[in-house]
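What follows draws every value from the coordinates through simple rules; no lab data is involved. Predicted model, so just to flag it, every value in this text is computed and none were measured. Positions of Cβ are generated from backbone atoms using ideal geometry, with glycine treated the same way; all protein chains shown enter the neighbour counts.
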Amino acid sequence: MAKLTISSIGRFVEGFQGQRFSVGIDVHKRSFSVALLRPDGMVKSWTTPADVEAITNRLASLPIYISAVCYEAGPTGFGLARSLRSAGIKVIVAAPSRIPRPVAATNKTDSLDCIKLTELAASKLVRSIAIPTEKEEAFRALSRRRHQITDSLRRVKQRIRSLFLALGIAEPAGIDSWSKSAISALEHQSLPAGAAETRDSLLSELRYLILAQKEVDTKLERLTLEQDEAKRIAAMRSVPGVGRVVATTFAAEIYNPKRFNHSKEITSYLGLAPVIRQSGGSKGRATLRPVGQRRLRSLLIEAAWMWKQRDGWAREFYNRILGKHGVPQKAIAALARKLAALLWKLSLPAETA
């Protein structure tokens, strides 16, 4: 792909001033591959360093009308999208799973990728995912960090128990709840040389992660107050079985609930809406398609079990679905779907709820 040449781009758009162009960008950590699609179907492509401000200024300075800039969502975040939007340029951040791809293997290069993206932008075959603000993205990142620590805690606890199992040493009482007395008993358990050091290292990691989780919880609580999320979280926690972690995660991941027009959209986004597959005269079969948001979906299912235990309506709904299908997993998924819709409505501003 050719390097960026300002004069060559000027010659490319010459004679098409004010006409509709579309742009595709293949975004990488150190470089952007850019394609400019002219109204007559000709394409100009080039590479440029991954400088968000520079590419925004360059596109905004062209004497053309850019109908849309399309790039694929990825680890580089939404800084480019926010910069282009601030310059008045429409942006499509396409979900990788929603981009049409050939069935058979074909050539793949940065040049071909950005050209494909600009063609998709021109044909309007892809929709943009929601683009969070900097504050919303930062709040979501901290919420996800909390879950990363939780996963690490689960792993280190399993490693400690695996060590004792391998050594044939009985676990102390209270280990299932990881009480302070149980951890103290683990620390004072007599172990062979080498195993004792392994145990001490794992317990040090455990204590660090417990402290780190408490610190993140404190920061999350402060952010909810600063970003006026406290009312939304309090409203969601009014549902029996919905605790602070579920409500905070829902608020962080569904950062702008007004972007969903109906409860079916939120349940589909979370992978809780059944997808029907039917062909010919066969009877259609509805199954769940586990799309993104795995963590939030898992939390909602766990919360649905608690909701069933603490609320009569939820228990009656669960039993009705269970009696119809006879499958507990289907019944609890249906209840989790109801819970997701309810939390979405509770998280909406009062004037739109």
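Under the classification rounded if a/c is under 1.5, otherwise prolate if a/b is larger than b/c and oblate if not, where does the chain fall, given a ≥ b ≥ c as square roots of the Cα gyration tensor eigenvalues? Here the chain falls in the prolate category. Residues of region 84-109 falling in the label zone of Ala54, defined by backbone nitrogen less than 18 Å from a point 7 Å along Cα to beta-carbon, are 84.
Each residue, Met42 and Gln329, gets one label point 7 Å from its Cα in the Cβ direction; the gap between the two is 5.7 nm. 3J(HN,Hα) couplings calculated from phi for region 176-188 with the Karplus curve 6.51 cos²θ - 1.76 cosθ + 1.60 (θ = phi - 60°) are, in sequence order, 5, 9, 6, 6, 4, 5, 5, 5, 5, 5, 4, 5, 9 Hz; Gly and Pro show x. Which of the aspartates and glutamates could be linked to Lys324 by a straight reach, that is with a Cα gap under 14 Å, when you skip same-chain ones fewer than 8 residues away? By straight Cα distance, Lys324 reaches Glu316. Separation of region 129-177 from region 323-344 is 26 Å, based on Cα centroids. Distance from the Cα centroid of region 48-86 to that of region 189-251 is 37 Å (rounded to whole angstrom). Annotation: aspartates and glutamates with alpha-carbon distance below 17 angstrom to Lys90 (same-chain offsets under eight excluded): Asp26, Glu53, Glu72, Glu119. Summing Cβ point charges (Lys, Arg +1; Asp, Glu -1) relative to the Cα centre of region 134-227 gives a dipole of roughly 120 debye. Bridging of Lys124 to aspartates and glutamates at a Cα separation below 12 Å is possible for none of them, once same-chain residues fewer than 8 apart are set aside. The simple spin-label model puts a point 7 Å past each Cα toward its Cβ; for Trp305 and Glu215 those points are separated by 3.2 nm. The packing ranking, built from the mean of other Cβ atoms within 10 Å per residue, places the peptides 224-236, 186-198, 97-109 in the order 224-236, 186-198, 97-109, highest first.
Filter Lys135/Lys338; Lys231/Lys308; Lys29/Lys219; Lys29/Lys116; Lys180/Lys231; Lys108/Lys258 down to the pairs with a C-alpha to C-alpha distance above 31 Å, please.
Working: Lys135/Lys338 29 Å; Lys231/Lys308 24 Å; Lys29/Lys219 29 Å; Lys29/Lys116 20 Å; Lys180/Lys231 34 Å; Lys108/Lys258 38 Å.
Beyond 31 Å: Lys180/Lys231; Lys108/Lys258.
When the Gaussian network model of the chain links Cα atoms closer than 10 Å, the mean-square fluctuations of Gly18, Gly79, Gly243 top out at Gly18. Computed from point charges on the beta carbon alone (+1 for Lys and Arg, -1 for Asp and Glu), the dipole magnitude for the chain about its Cα centre is near 1220 Debye. Principal-axis analysis of the Cα atoms of the chain puts helix 244-253 at an angle of about 10° to the longest axis.
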